[in-house]
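Have a look at the structure below before the remarks.
The values are calculated or read from the model by the stated rules, or taken from the named source; none is laboratory data. Computed from a prediction, not measured in an experiment: that's the story for all the values here. Cβ coordinates were reconstructed from backbone atoms using ideal geometry, including for glycine residues, and neighbour counts include every protein chain displayed. SASA here: full protein model, heavy atoms, side chains in, ligands and nucleic acids out. Shrake-Rupley method; radii C 1.70, N 1.55, O 1.52, S 1.80 Å.
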Amino acid sequence: MKKILFLFVLSIISVFVSAQDAVAILDRTSAALKTTGGMKVDFTIKTGDFSSKGYIKSKGNKFVLHLEENIIWFDSETLWNYVLKNEEVNITIPSQTEMSKLNPYAFLSFYKKGYKVKKGKGTAKEHEIIMEGDKTSQYKKVVIRIDKKTYYPAMIHMESAQANFVADIQCDSYQKNQMFSDKTFQFDQKKYPDVDVIDLR
């Protein structure tokens, strides 16, 4: 009986230590991305049979997300969503909930509320962090592989809680210390003179 109790206590301790280690890794990843100045990340996103390449340019909480289907600009207050096939741009002031769905870096704050965090198996070159959501979470599961040298995300796997949606984001390259002007994160109608602009603010 004492041996079983001892093993039970050890298992609890190991889970607690694993969670602490995982949070420390995510804290370090968040800090690494925030201290690089302007950054450009090229990535490939896959959902089912669909695959698309894109990139994100970011500086602080501003970003421009460029996909094959649309381009999203956010200057920390206003968001412009350009849907290429419709040739229209929607202008909105997004809520925090809406931003969490659009910003690819939003996962960096997921682990602070509503998620159980633990370390996965990982590899010699990458940490694996597993986040499991509760009933209120946007995602039921998020798996992140993080480079052990740079602490930049190498791959992000996301499973939606509300719908049968699974996405894998492979981070192909990082370019840090980029010099982006504030206009980089704002829609410039002069570059897209023929699109319809719909102001929903």
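Using a 10 Å cut-off on Cβ atoms, rank the peptides 48-55, 179-186 from the highest mean neighbour count down.
Ranking the peptides 48-55, 179-186 by packing returns 179-186, 48-55.
Within 10 Å, Cβ to Cβ, of residue 195, how many net charges do the neighbouring residues add up to if Lys/Arg are +1 and Asp/Glu are -1?
Result for the local shell: -3.
Once R0 is set to 30 Å, what does the formula 1/(1 + (r/R0)^6) return for the Cβ-Cβ distance between residue 98 and residue 166, expressed as a FRET efficiency to the nearest 0.05?
Numbers: r = 21 Å, r/R0 = 0.70.
The formula returns an efficiency of 0.90 here.
For the full complex of protein chains and a 1.4 angstrom probe, list 151, 174 by accessible area with the highest value first.
My answer, sorted largest first, is 174, 151.
Quick one: if you stick a label point 7 Å off each Cα along the C-beta vector at residue 134 and residue 116, how many nm between them?
Going from the residue 134 label point to the residue 116 one covers 1.2 nm.
So what's the net charge close to residue 147: Lys and Arg +1, Asp and Glu -1, counting the other residues with Cβ under 10 Å from its Cβ?
Combined, the nearby Lys, Arg, Asp and Glu give +3.
By accessible area of protein heavy atoms, probe 1.4 Å, what ranking do 79, 84 get, highest first?
Greatest to least solvent exposure: 84, 79.
With every protein chain left in place, what is the accessible area of residue 198 in Å² (1.4 Å probe, nearest 10)?
For residue 198, solvent-accessible area is about 60 Å².
Check the straight Cα-Cα distances from residue 135 and name the lysines below 26 Å, setting aside those fewer than 8 residues away within the same chain.
Counting by Cα, and skipping residues close in sequence, residue 135 has these lysines nearby: 46, 101, 112, 113, 116, 118, 119, 121.
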